[in-house]
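> Structure incoming, see below.
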Amino acid sequence: MPATVVIGAQWGDEGKGKVVDLLAERSDVVARYQGGNNAGHTIVAGDQVYKLHLVPSGILYPGTLCVIGNGTVVDPGALCEEIVALEERGVSLETLRISGNAHLIMPYHVMLDGASEMRLGRFSIGTTRRGIGPCYEDKAARVGIRAQDLLDPKILVRKLEVALETKNEILDKVYGMPRLDPGGVAEDTLRHAERLRPFIADTALLIDEALRAGRRVLFEGAQGTMLDIDHGTYPFVTSSNPIAGAACTGAGVGPTRVDQVLGVSKAYVTRVGEGPFPTELDDADGRRMMERGNEFGTTTGRQRRCGWLDLVALRYAVRLSGVTQLALTKLDVLSGFERVKVCEAYRTREGERLTDFPYHQTVFHGCRPEYRELAGWDEDLSECRSPDDLPPRARDYVEAIAAAVEVPITLIGTGQGRHQVIDQVEI
């Protein structure tokens with residue numbers, strides 16, 4: 001696995017943290033390429049639980065270079081808190097590096113994000129209110145603050161003064177919120193700068209050097225395909241591109257350097273926040289998935305909406321990222337269901353049957369799932385470590401998914417623990 005991209009193949013929360021953690025053990029570099037602290041990866045190592053938001057999952061392996069790439073947006077305060085929390089638990093941050101081109105989330109971004117959601121009311125998008133969208137807006141408008149600005153306090157202060165001229169007008173006159181003092185914001189930012197300066201580097205160059213030396217590089221994304229700002233269920237999406245192609249722009253590598261793409265999908269589907277969700281279950285089965293899967297957001301704590309596996313959306317994710325293999329997580333959560341279902345197609349309001357994901361949002365909002373039922377299983381999967389350990393009906397379920405998406409399933413999650421997996425298989 002010289003260069004591998006790991007992507008979420010659903011609406012995020014697929015268990016990418018655990019998958020990346022497993023692959024990081026065999027990697028020399030782990031690079032995060034998009035998103036911000038609106039993401040959350042939960043890793044269970046023995047009796048220890050780590051919840052990471054910005055720091056790449058490979059940080060738990062000494063000697064692994066961990067990169068926060070230029071495509072991410074970084075809240076300096078949140079990152080400092082995460083660094084301190086990890087250090088207090090004995091985790092070394094010596095190998096962490098932050099791209100000098102990564103944009104910084106400022107206090108006014110967080111304020112604007114929350115105010116915008118409040119103003120939208122029942123039409124709100126359901127953001128994490130972490131300032132992610134407004135930060136990406138400033139990046140596109142070319143008025144953002146970057147990590148490299150922390151290396152030059154004079155430039156930083158001047159940029160903040162310019163930015164707040166406009167932002168204070170919006171905060172005051174549009175949202176009726178207090179204006180921010182440029183000096184105070186600069187002082188707080190520079191306080192974090194002292195902590196973060198040693199980590200800032202030319203991370204694209206570091207990754208290139210690693211690839212040239214034949215070292216194994218793992219690119220990890222946040223969120224999932226269906227939240228992609230271009231290809232997801234717009235406008236109920238994130239503000240960046242979680243698909244595999246964004247690893248090139250978000251980490252600074254050419255597409256020819258990527259060898260394989262691993263998509264991560266739950267054995268069912270969850271979604272946090274607003275937006276359409278064809279297979280959502282508002283019944284006992286959905287509540288059972290939520291309870292058994294502990295479906296609460298790592299970052300926000302919000303309860304996740306649950307539903308049967310959507311093969312139409314999964315095939316769409318495979319196509320968009322050129323997925324070469326699939327990891328299927330939380331198969332154990334489905335143990336005990338008498339019957340399990342997969343959505344093979346959609347039916348539109350007019351009755352048309354769709355096996356490809358519809359491009360028009362009005363059509364998608366009206367789609368209803370067409371299910372295929374399979375026999376369930378009762379057996380506990382937590383001790384399964386090879387395909388032969390799986391109950392026949394659980395294996396039938398996995399094989400049906402692999403056949404439907406035409407991609408081999410090479411990793412299966414059978415429990416919450418780090419090593420509760422069936423790894424390096426092909427189904």
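The values are calculated or read from the model by the stated rules, or taken from the named source; none is laboratory data. Treat the numbers as computed from the prediction; the structure is a model and nothing was measured. Here the Cβ positions follow ideal geometry from the backbone for every residue, glycine too, while neighbour counts run over all protein chains shown. Side chains are part of the model used for accessible areas, which takes the heavy atoms of the whole protein and leaves out ligands, DNA and RNA. Shrake-Rupley method; radii C 1.70, N 1.55, O 1.52, S 1.80 Å.
> Mind listing whichever residues of region 142-164 are of a type in the set (A, V, I, L, M) and surrounded by 14 or more Cβ atoms within 10 Å (Cβ to Cβ)?
If the condition is that a residue be of a type in the set (A, V, I, L, M) and surrounded by 14 or more Cβ atoms within 10 Å (Cβ to Cβ), then 145, 147, 150, 151, 155, 156, 157, 160, 163, 164 are the ones that fit.
> Considering (1) out of contact with any strand residue (DSSP E or B) (no Cβ under 9 Å at 6 or more places or on another chain); (2) part of a helix (DSSP H, G or I); (3) of a type in the set (Gly, Ala, Ser); (4) surrounded by 15 or more Cβ atoms within 10 Å (Cβ to Cβ), say which one residue 184 fails and leave the rest.
(4)
> Which of the residues belonging to region 307-333 are closer than 22 Å to residue 22 by Cα, surrounded by fewer than 22 Cβ atoms within 10 Å (Cβ to Cβ) and among the hydroxyl-bearing types (Ser, Thr, Tyr)?
324
> Hey, another quick one. Just the residues that are assigned to a loop (DSSP other than H, G, I, E, B) and in contact with a strand residue (DSSP E or B) (Cβ under 7 Å, 6 or more places away or on another chain), please, taken from region 273-292.
277, 278, 279, 281
> Residue under question is residue 345, and the condition is that it be without any contact (Cβ under 8 Å) to a residue 24 or more places away in the chain, farther than 25 Å from residue 38 by Cβ and aliphatic (A, V, I, L, M); does it hold?
no
> Give me a count of the residues in region 286-299 that are surrounded by fewer than 18 Cβ atoms within 10 Å (Cβ to Cβ) and closer than 28 Å to residue 355 by Cβ.
Qualifying residue count for the region: 0.
> Can you tell me which residues in region 288-323 are without any contact (Cβ under 8 Å) to a residue 24 or more places away in the chain and of a type in the set (A, V, I, L, M, F, W, C)?
290, 296
> Being open to solvent by less than 60 Å² (accessible area, probe 1.4 Å), under 25 Å from residue 71 (Cβ atoms) and either free of Cβ contacts under 8 Å to residues at least 12 places away in the same chain or in contact with a His (Cβ under 9 Å, 6 or more places away or on another chain) (or both) is true for just one of 167, 139. Which residue is that?
Selected residue: 167, the only one of 167, 139 that is open to solvent by less than 60 Å² (accessible area, probe 1.4 Å), under 25 Å from residue 71 (Cβ atoms) and either free of Cβ contacts under 8 Å to residues at least 12 places away in the same chain or in contact with a His (Cβ under 9 Å, 6 or more places away or on another chain) (or both).
> Also, I was wondering about something else. Give just the number: which of (1) aliphatic (A, V, I, L, M); (2) outside any loop (DSSP other than H, G, I, E, B); (3) under 20 Å from residue 244 (Cα atoms) does residue 55 not satisfy?
(2)
> Here's another thing I want to ask about it. Within region 388-425, how many residues are without any contact (Cβ under 8 Å) to a residue 24 or more places away in the chain, open to solvent by less than 50 Å² (accessible area, probe 1.4 Å) and in a helix (DSSP H, G or I)?
0
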